[in-house]
Amino acid sequence: MMLGAINDPEGAAVPEGLPEIVDCHVHVFPGGLFKAIWAWFDQFAWPIRYRLGSEDILDFLLSRGVAHVAAFQYAHKAGIADELNDYMAGLCRSYPGQVTGMATVFPGEPETPVILKSAFEKGLKGVKLHAHVQCFDMNSPDMEDVYETCQAAGKPLVMHVSREPKSSAYLCDPHQLCSADKLEAVLEAFPRLNICVPHLGIDEFFAYKGLIEKYDTLWLDTAMALADYFPVELPYNLDALRWDRIMYGSDFPNIPYAWDRELKMIDSKNYSREFLGPFLGENARTFFGIGRK
């Protein structure tokens, strides 16, 4: 289902008075892949407002007061992960102390452990996967190399394995591949593997709320879940979640509204400083192993 743009005004900086902000969900890609992604979104999802190159994306956020960025890519097919990981490592070298880069791999491709170990040696701090794009079942044998390699290396895994947003343009059905029950099987089988599920697990909100209360190795990020954009309403106050297991993320630049829309909404809620500190920055530093300045 196509969704429209929101032409809301953007601020020049993060809202004044908020604690340090680590944006834990930002996308970067080489130029050719970004153009293909923009074209796909134009046809099947929503109009992307910020059509920027990777360096411009990082400069945009950092210049507006975001203290640190966790940057993601995903390999949409086998055979390109090494190139993407080299690209990410180069970006991180250009932004020392400001950008944490995540590796990627196409689940099931040969030499997965070798690809990931090489990426970690280049300084990448974990792995990002997207079930809707890569069409993997998180409980399949193909995933074991990813889990085992990350767990052995002490590297976190970010997996988009929530069911939404669904699109008929995907080559698989996210509602068949993704569920909180499937993720719980992974959490039980790999008890030393830290995992983040983006978008608060939309639309299984209560199931994921229960999982972060049960498992210390699970985090959730809020990317696009707080923007009042999707036709799904968050069924609880954000601070009703476990405070040390949720992280702010923007999904920048692949958004159809102002870059600071969610930060403004967060600021308007009058959450306590005790809640905002962990949520906006400290939890991401813990999950990604980000050092302080």
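Given the criteria within 22 Å of A45 (Cα to Cα) and in a loop (DSSP other than H, G, I, E, B), does L200 qualify?
no
Hey, could you check the range 205-225 for residues that are of a type outside the set (A, V, I, L, M, F, W, C) and more than 17 Å from the chain's Cα centre (by Cα) and say which is nearest to L241 (Cα to Cα)?
My answer is K209.
Can you find a residue that is in contact (Cβ under 8 Å) with a residue 40 or more places away in the chain, farther than 27 Å from I21 by Cα and out of contact with any His (no Cβ under 6 Å at 6 or more places or on another chain) anywhere in the range 98-121?
Yes - at least one qualifying residue is present in the range 98-121.
For residues that are in a helix (DSSP H, G or I) and buried (at least 19 other Cβ atoms within 10 Å of the Cβ), tally how many sit in the range 203-217.
5
If you scan the range 1-51, which residues turn out to be surrounded by fewer than 13 Cβ atoms within 10 Å (Cβ to Cβ) and assigned to a helix (DSSP H, G or I)?
G31, G32, K35, A36, A39, D42, Q43 - these are the residues of the range 1-51 that are surrounded by fewer than 13 Cβ atoms within 10 Å (Cβ to Cβ) and assigned to a helix (DSSP H, G or I).
Answer yes or no: is there a residue in the range 180-189 that is in contact with a Cys (Cβ under 9 Å, 6 or more places away or on another chain), in contact (Cβ under 8 Å) with a residue 24 or more places away in the chain and either of a type in the set (S, T, Y) or surrounded by fewer than 22 Cβ atoms within 10 Å (Cβ to Cβ) (or both).
Within the range 180-189 (the criterion being in contact with a Cys (Cβ under 9 Å, 6 or more places away or on another chain), in contact (Cβ under 8 Å) with a residue 24 or more places away in the chain and either of a type in the set (S, T, Y) or surrounded by fewer than 22 Cβ atoms within 10 Å (Cβ to Cβ) (or both)), the answer is no, since none of the residues qualifies.
Mind telling me which of the residues Y229, Y215 ends up being farther than 21 Å from L116 by Cβ, of a type in the set (S, T, Y) and touching a helix residue (DSSP H, G or I) at 6+ places or on another chain (Cβ under 7 Å)?
So the residue among Y229, Y215 that is farther than 21 Å from L116 by Cβ, of a type in the set (S, T, Y) and touching a helix residue (DSSP H, G or I) at 6+ places or on another chain (Cβ under 7 Å) is Y215.
Mind checking which pairs have a first residue in the range 239-255 that is touching a residue at least 60 places away in the same chain (Cβ under 8 Å) and a second that is among the charged types (D, E, K, R) and assigned to a strand (DSSP E or B), Cβ under 8 Å, 6 or more apart or different chains?
Note: pairs meeting the criteria are M247/D221; Y248/D23; Y248/D221; G249/D23; G249/D221; S250/D23; F252/D23.
Tally time: how many residues in the range 132-159 are touching a residue at least 60 places away in the same chain (Cβ under 8 Å) and within 21 Å of I290 (Cα to Cα)?
2
Give L220, L226 a once-over and let me know the one that is under 30 Å from N7 (Cα atoms) and in a strand (DSSP E or B).
On inspection, the qualifying residue turns out to be L220.
Read-outs throughout are calculated quantities, based only on the coordinates presented, and are distinct from any laboratory measurement. Predicted model only: the values in this text are computed from it and were never measured. Note that we place each Cβ from the backbone using ideal geometry, even for glycine, and neighbour counts take in every protein chain shown.
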